[in-house]
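These notes concern the structure reproduced below.
The values are calculated or read from the model by the stated rules, or taken from the named source; none is laboratory data. All figures in this text were calculated on a predicted structure; none of them were measured in a lab. Don't worry about glycine lacking a Cβ; one is built from the backbone with ideal geometry, like all the others, and counts go over all protein chains shown. The accessibility values were calculated without ligands, DNA or RNA, using every heavy atom of the protein model including side chains. Shrake-Rupley method; radii C 1.70, N 1.55, O 1.52, S 1.80 Å.
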Amino acid sequence: MNHRKRAMTLIMSAILILTILLVPGCGRGLPQDETTYETYTASSQQSQPSPVSLSEDDPKVLEARAAFEQFCDDLFKNQLSDDFLSLHYSLADPASYGLGDCPRTFGEFSLQGLKESAKLQKEQQAALASIPEEFLTQDQQLTYRVLEASFEAEEAFEGLELYYQPLAPTVGIQAQLPVLLAEYIFYSAQDVEDYLALLSTIDSYYQQLLEFEQEKSRAGLFMTDSCVDTITEDCQAYLLPPENNFLSATFDQRIDAMADLTDQEKADFKARNLTVLSEHFIPAYELLLNGLGDLKGTCTNEQGLCYYPEGKRYYEYLVHSSTGTNYDTIDKLRDAINNQINYDAAAMHKLLVDNPELGQQLDTYEFAYTEPGEILEHLKEVIQKDFPLLESASYTTKYVPEALEQTLSPAFFLVPPMDRYLDCVIYINNGSVSTSGDLYTTLAHEGYPGHLYQNVYFLSNCDSPVRNVLNFSSYSEGWATYVENYAYTTDNGLSPELGQLLAHNASATLALHAILDININYYGWSLDQVSSYLNETFGITERQVAEDIYQYMLRAPVNYLNYYVGYLELVLMKNQAEDTLKDRFVLKDFNQFILDIGPAPFTVIRPYFQEWLKAQAAAAGN
């Protein structure tokens, strides 16, 4: 996402222009408009179950708790049994969880399959509702509310199945799947057999994806020609001859590291892999790209989602399902984002006025730590004052294969299996300009105290397998963004003032993309409107920046909101805690609360936060 870095640089140079347009004296980030704040807190309240009036050993209580455990176990197995790749990434030893006989496929992907999944989900939702929540333990109640909120959010997807976008530049299946295959861990010879069997089905899986895109085309919902061209260009690296393909190189490295295999066994596996790449993997991408090419020209809308018949409704579903936000309307969410932009811009303006020399440092600053290993070790040490202690985790930093540098994110963390959660991998993309000057904060996002730290912390403390396989990306990405900004203020070689300036700028830049996502896909902004907004509000005059952002929002709606809304929710809670507790506020306690509750919709987290804050205030005498 190079356009993000480009826009960030331009925002820096336009801050003084920007802040002239703002109302001075904005608060620290908590919405200062009374209506907005009341809306936020009101929308986050949930009714709490009545206290248990029966004894802990009452048969009704025991029956409810046992039924809930069985429900969670069934749901956990159902989540993993149809997709062997997800199973392997979730469990190093599936057999120990009763999942040893799952088919070696990527699962089914079809319109009918999506509809059947929705039907199954309704049945699961009804089964959950039949369990009396008030009889459950506190941990069970938290899991119950997480599941309940997830089911409710997905209800809105019914009838919108063809709006789903499985293919997209950078974030689509066709871009993510090869990396997951390249990092597929071989614990034993059986894992190699499973991998080759799985890889042999990729052409049939991509046939299903193509048929889904054909259904989208017939419904007038196919992607733009520009999106097809970008996907085609990005996927050229997957069409290399087997012996030159990055999937053969990474496979050979994993095979060579297996001490239990003989030389002949290693040679046989390598030969079989080349055959599978030749007969299945490369044909899969040829099939997909040729099929997408045949569908070019069938796009009926080259603007935001809202211009489709059900586009606004689908966007609302995406926002609430993906972010779990407390804001119950897009209007309220947009206002909250604008409030935070105003605050960050005002803070930057004040820093630049009070410290004129900062302007000259923006193009020349350097962090004191520049190598991945030293950055991660430094961060592991320096965060201990503000974050709970984490048991030692092993990690490996790897570099994205050169052939994939233009198709993948600047960096990413691979979540380890829950039964081997201390073995972590962070990928760094040397082809991204975003990592060249900001590797320190990038690794704070991906490593300590970001994704690596948060995942290991949760996996080491959570006893509910089903919660480990549920995906709440806005919590995860919001946390990683929140601590990435925190990293600007650590002992990193920057002056405190410069660190604050860069943190506010990072927040404002992400907010800019989030608000444009909403304005383009929900309110229907055109490219000209985006260009005018960037020019008039931020002083960004380059038309290509507007074009890049506009096209990205069309291709990956809500992706930026996953990051920013989660970050915003965390910032708002932290600021409310600071305002309530004043000098009794302890950042480490707040961070531990967020980590302990774990990945969940913010509609679930917020009521727990209010109870936590009330207890903190009582203990502090506030």
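When ranked by the protection proxy of mean other Cβ atoms within 10 Å per residue, highest first, what sequence do the peptides 63-73, 113-123 form? List each step's numbers first, then the result.
On the way: 63-73: 16.5, 113-123: 13.5.
So the order, starting with the most tightly packed, is 63-73, 113-123.
With r defined as the distance between the Cβ atoms of D82 and L239 and R0 fixed at 30 Å, what FRET efficiency is calculated, to the nearest 0.05? Kindly include the intermediate steps, with their values, before the conclusion.
Details: r = 29 Å, r/R0 = 0.96.
Here the calculated transfer efficiency is 0.55.
Once neighbouring chains are kept in place and the probe is 1.4 Å, which whole percent of the accessible area of region 554-600 is contributed by carbon and sulfur?
Using a 1.4 Å probe with all protein chains present, region 554-600 comes out at 42 percent carbon and sulfur.
Expressed in nm², what is the orientationally averaged projection area of the convex hull enclosing the Cα positions of region 295-419? Kindly include the intermediate steps, with their values, before the conclusion.
Working: hull surface 60.2 nm².
Average of the hull's projected areas for region 295-419 equals 15.0 nm².
Under the Karplus relation 6.51 cos²θ - 1.76 cosθ + 1.60, θ = phi - 60°, what is the ordered set of whole-Hz ³J(HN,Hα) values for region 468-475, x standing for Gly and Pro?
Residue by residue, region 468-475 yields 6, 10, 7, 10, 10, 5, 6, 5 Hz.
Enter the accessible area per residue of region 149-302 (Å², integer; probe 1.4 Å; all protein chains in place). Please list the in-between numbers first.
Values: 6280 Å² over 154 residues.
In whole numbers, region 149-302 has 41 Å² accessible per residue.
Round to a whole angstrom and tell me the spacing of the C-alpha centers of region 585-622 and region 165-206.
The two parts, judged by their Cα centres, are 39 Å apart.
Return the long-range amide H neighbours of Y395 (sequence gap of 5 or more, or a different chain), with a cut-off of under 5 Å between placed amide H atoms.
Under 5 Å from the amide H of Y395 lie the amide H atoms of C424, each far enough along the sequence or on another chain.
Return the distance in nm (one decimal) between the two label points of a simple spin-label model at Q384 and Q70, each offset 7 Å from Cα along Cα→Cβ.
My value for the distance between the label points is 4.8 nm.
What does the helix-only formula give at 222 nm for the chain: each DSSP H stretch with n ≥ 4 adding -39500 (n - 2.57), the total divided by the residues, and the result rounded to the nearest 500 deg cm²/dmol?
Values: 27 runs with 383 residues, N = 622.
The per-residue figure over the chain is -20000 deg cm²/dmol.
Between region 474-528 and region 302-355, how many Å separate their Cα centres?
12
Assuming R0 = 56 Å, what is the FRET efficiency of N461 and N290, from their Cβ-Cβ distance, to the nearest 0.05? Don't skip to the answer; put the middle values down first.
Numbers: r = 48 Å, r/R0 = 0.86.
Calculated value: 0.70.
Taking only the alpha-carbon atoms of the chain, what semi-axes of the equivalent ellipsoid follow from 5 times the gyration tensor eigenvalues under a square root, in whole Å, largest first?
Details: eigenvalues 262, 203, 141 Å².
Whole-Å semi-axes of the equivalent ellipsoid: 36, 32, 27.
Once all Cα-Cα distances of region 51-139 are split into 10 Å bins that start at 0, what whole-number percent is in each one?
All Cα pairs, binned at 10 Å, distribute as 15, 34, 30, 17, 4 percent.
Restricting to Cα pairs below 8 Å that are 6+ residues apart, what does the relative contact order work out to for region 378-533? Please round to a whole percent. Could the numbers behind the result be given before it?
Numbers: 160 pairs, mean separation 28.2, N = 156.
Relative contact order, region 378-533: 18 percent.
For the residue pair K60 and D229, what label-to-label distance in nm results when each label sits 7 Å from Cα along the Cα-to-beta-carbon direction?
The answer from the label model is 6.7 nm.
For region 355-494, what does the equivalent ellipsoid look like in terms of its semi-axes, each the square root of 5 times an eigenvalue of the Cα gyration tensor, given largest first in whole Å? Kindly include the intermediate steps, with their values, before the conclusion.
Working: eigenvalues 143, 69, 35 Å².
That gives 27, 19, 13 Å for the three semi-axes.
As a test of the definition: which semi-axes, in Å, follow for region 306-361 when you take the square root of five times each eigenvalue of its alpha carbon gyration tensor? Largest first, please.
Details: eigenvalues 267, 28, 17 Å².
Taking √(5λ) for each Cα gyration eigenvalue gives 37, 12, 9 Å.
Just want to confirm a number: the relative contact order over region 512-607, from Cα pairs under 8 angstrom separated by 6+ residues, in percent. The partial results should precede the final answer.
Values: 43 pairs, mean separation 25.8, N = 96.
Relative contact order, region 512-607: 27 percent.
Give me the dipole magnitude in Debye, nearest 20, for region 447-547 about the Cα centre, with unit charges on the beta carbon: positive for Lys and Arg, negative for Asp and Glu. Kindly include the intermediate steps, with their values, before the conclusion.
Values: 2 positive and 10 negative charges, 50 e Å.
Value, rounded to 20: 240 debye.
Subtracting the Cα-Cα distance from 0.36 nm times the residue separation, let me have the gained length for E611 to A189 in nm, one decimal. Don't jump to the answer; show the numbers that get you there.
Values: separation 422, 0.36 × 422 = 151.92 nm, distance 5.05 nm.
Value of the extension gain: 146.9 nm.
Using the crude model of +1 on Lys and Arg Cβ and -1 on Asp and Glu Cβ, and no other charge, please compute the dipole size for the chain relative to its Cα centre, in debye to 20. Provide the component values of the computation, followed by the final result.
On the way: 37 positive and 89 negative charges, 237 e Å.
Using only the charged Cβ atoms, the result is roughly 1140 debye.
Once fully extended, how much extra length lies between R218 and S110, figured as 0.36 nm per residue of separation less the alpha-carbon to alpha-carbon distance? Don't skip to the end; give the middle numbers.
Values: separation 108, 0.36 × 108 = 38.88 nm, distance 1.44 nm.
Full extension from R218 to S110 adds 37.4 nm.
How large are Rg and Dmax for region 541-622 when calculated on the C-alpha trace, in angstrom?
Here Rg and the maximum Cα pair distance are 17.7, 55 Å.
Given K77/K119; K350/K582; K398/K574; K332/K385; K122/K216, which pairs have Cα atoms separated by over 26 Å? Can you show the working numbers first?
Numbers: K77/K119 17 Å; K350/K582 23 Å; K398/K574 34 Å; K332/K385 35 Å; K122/K216 24 Å.
The pairs that break the limit, which is 26 Å between Cα atoms, are K398/K574; K332/K385.
Taking 0.36 nm per intervening residue step and subtracting the Cα-Cα distance, what contour gain separates A95 from D589 on full extension? Don't skip to the answer; put the middle values down first.
Values: separation 494, 0.36 × 494 = 177.84 nm, distance 3.84 nm.
Gain on extension, A95 to D589, equals 174.0 nm.
Given contacts defined as C-alpha pairs under 8 Å and at least six residues apart, what's the relative contact order of the chain, whole-number percent?
Values: 824 pairs, mean separation 137.7, N = 622.
Relative contact order here is 22 percent.
Could you list the residues of region 152-191 with an amide nitrogen less than 19 Å from a label point located 7 Å from the Cα of A126 in the Cα-to-C-beta direction?
152-159
Packing-wise, with mean Cβ within 10 Å as the measure, how do 539-545, 423-429 rank, highest first?
Numbers: 539-545: 15.7, 423-429: 20.0.
Packing order, densest peptide first, comes out as 423-429, 539-545.
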